[in-house]
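Data first, discussion second: the structure below is written as structure tokens.
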């Protein structure tokens, strides 16, 4: 196999990041990927390489974007936290204050905060959904409004793998009037010049990398996608597989998926945009005159809301207000207060306020680790050894 061509820029002192990135292609199964780092909002690493398709016929270019799955959740969380920051949403108020229909099935007292911290007990829809339901906003929010919680809300946390985006996004829509994709584009993506899309216009399809099925899992490791769990009736399997087949790669690589707004799972972006976005949060919430969040709201976002064994995926998870927090089982670098979000298969964006670092990694060859991918770990070890 030909050696992957690595392109982009790497400032002096960060050559180790380039070396580990190159090694990912040679020894860790990488097909196409990008990594980017900002310090105090300014880029120090912006690398890409490999191929955008499984057949290795299309090179991964500077402008290649890819579906980043749950790395989208950090963006969705920021939108709702921004409304809270502006006093337009009270995170301790009942969701039903903003979305009256949500009060059905004993949910009238669930606070907005629990939507962000995966404590609402709504990780899945129990009634069978028709094929394509994930692509229909009204279908999903109506089903969630009718759904009885799977556990007493607030008593434990369980990963709302797909429902998170509809729950958070509907509160944004009810308060602001815009869909979360439009809100993010107009309030943050355009002002910050972020190549990040929730609901991708068809004109960008030619830039999209093909998502490639996960590599074989490490023996004994948790299943990377809950829908593949051995028990098809488990809450984890239902969370990812109702409607059945909704996460097939034929769906994820389709125009219908790309064009829909699925704020928990279908953001399309590159590493550069993730690093710039989290770079703003790492330096107090402002970059180039654009305010994302205030420092006070960032502190609230990274405070622990949920911690321990997750009731859905069965592994340790730690959440703030919509963000995954660094934890012993999945460290986002060595510093104690880093926060961001991973995506299925390996993508990651996070902020490290202590080092003022913004980090982004995107790829098309999905990995088999549920918490943090070895390709990312290698990059982070190199990055922090360079600081």
**Residue list for segment 22-33, restricted to those being surrounded by 16 or more Cβ atoms within 10 Å (Cβ to Cβ) and more than 15 Å from residue 367 (Cβ to Cβ)** = 22
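Just checking, which of 321, 293 is in contact with a helix residue (DSSP H, G or I) (Cβ under 9 Å, 6 or more places away or on another chain), in contact (Cβ under 8 Å) with a residue 60 or more places away in the chain, part of a loop (DSSP other than H, G, I, E, B) and over 23 Å from residue 371 (Cα atoms)? Give the steps one after another, and end with the answer.
Numbers: 321 fails: over 23 Å from residue 371 (Cα atoms).
From the options 321, 293, the qualifying one is 293.
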**Message:** Quick test for you: out of 63, 46, pick the one residue that is within 24 Å of the chain's Cα centre (by Cα) and surrounded by fewer than 21 Cβ atoms within 10 Å (Cβ to Cβ).
**Reply:** 63
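Of the residues 178, 174, which is more than 20 Å from the chain's Cα centre (by Cα), modelled with pLDDT of 95 or more and assigned to a loop (DSSP other than H, G, I, E, B)?
Checking each option against the conditions leaves just 178.
Which members of segment 302-315 meet the condition of being farther than 10 Å from residue 117 by Cα and either modelled with pLDDT of 95 or more or in contact with a helix residue (DSSP H, G or I) (Cβ under 8 Å, 6 or more places away or on another chain) (or both)?
302, 303, 308, 309, 310, 311, 312, 313, 314
Would you point out which residue out of 188, 162, 116 is within 21 Å of residue 251 (Cα to Cα) and buried (at least 20 other Cβ atoms within 10 Å of the Cβ)? Working first, answer last.
Numbers: 188 fails: within 21 Å of residue 251 (Cα to Cα); 116 fails: within 21 Å of residue 251 (Cα to Cα).
Testing whether each residue is within 21 Å of residue 251 (Cα to Cα) and buried (at least 20 other Cβ atoms within 10 Å of the Cβ) leaves just 162.
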**Asked** Taking segment 244-263, which residues are in a loop (DSSP other than H, G, I, E, B) and either under 12 Å from the mean Cα position of the chain (by Cα) or modelled with pLDDT of 95 or more (or both)?
**Response** 253, 254, 260, 261, 262, 263
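Just to be sure before I move on: is residue 93 loosely packed, with under 15 Cβ neighbours inside 10 Å, more than 23 Å from residue 311 (Cα to Cα) and touching a residue at least 12 places away in the same chain (Cβ under 8 Å) in the structure I sent?
Details: loosely packed, with under 15 Cβ neighbours inside 10 Å: yes; more than 23 Å from residue 311 (Cα to Cα): yes; touching a residue at least 12 places away in the same chain (Cβ under 8 Å): yes.
Yes: the conditions hold for residue 93.
Among the residues of segment 345-352, is there at least one that is under 17 Å from the mean Cα position of the chain (by Cα) and farther than 19 Å from residue 373 by Cβ?
Going residue by residue through segment 345-352, those that are under 17 Å from the mean Cα position of the chain (by Cα) are 345-352.
Among the residues that remain, those that are also farther than 19 Å from residue 373 by Cβ are: none.
The answer is no, given that none of the residues of segment 345-352 is under 17 Å from the mean Cα position of the chain (by Cα) and farther than 19 Å from residue 373 by Cβ.
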**Prompt:** With (1) at negative phi; (2) in contact with a strand residue (DSSP E or B) (Cβ under 6 Å, 6 or more places away or on another chain) as the list, and residue 61 as the residue in question, which single condition is left unmet?
**Reply:** (2)
**Item:** Hits in segment 264-290 - residues which are out of contact with any helix residue (DSSP H, G or I) (no Cβ under 6 Å at 6 or more places or on another chain) and either at pLDDT below 95 or surrounded by fewer than 17 Cβ atoms within 10 Å (Cβ to Cβ) (or both)
**Value:** 286, 288, 289
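Which of the following residues is farther than 21 Å from residue 96 by Cβ, modelled with pLDDT of 95 or more and surrounded by 15 or more Cβ atoms within 10 Å (Cβ to Cβ): 200, 167, 122, 129?
On the way: 167 fails: farther than 21 Å from residue 96 by Cβ; 122 fails: farther than 21 Å from residue 96 by Cβ; 129 fails: modelled with pLDDT of 95 or more.
Checking each option against the conditions leaves just 200.
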**Asked** Could you say whether any residue in segment 69-92 is part of a loop (DSSP other than H, G, I, E, B), under 19 Å from the mean Cα position of the chain (by Cα) and under 27 Å from residue 322 (Cα atoms)?
**Response** yes
**Fill in**
Going through segment 206-218 in order, the residues found to be in a helix (DSSP H, G or I) and surrounded by 15 or more Cβ atoms within 10 Å (Cβ to Cβ) are 207
**Fill in**
The condition from (1) touching a residue at least 24 places away in the same chain (Cβ under 8 Å); (2) within 18 Å of residue 173 (Cβ to Cβ); (3) crowded, with 17+ Cβ neighbours inside 10 Å that residue 143 misses is numbered (1)
**Request:** Kindly indicate whether any position in segment 82-89 is in contact with a strand residue (DSSP E or B) (Cβ under 8 Å, 6 or more places away or on another chain) and touching a residue at least 12 places away in the same chain (Cβ under 8 Å).
**Result:** no
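The values are calculated or read from the model by the stated rules, or taken from the named source; none is laboratory data. No experiment lies behind these values; they were computed from the predicted model shown. Every residue, glycine among them, receives a Cβ derived from its backbone with ideal geometry; neighbour counts consider all protein chains shown.
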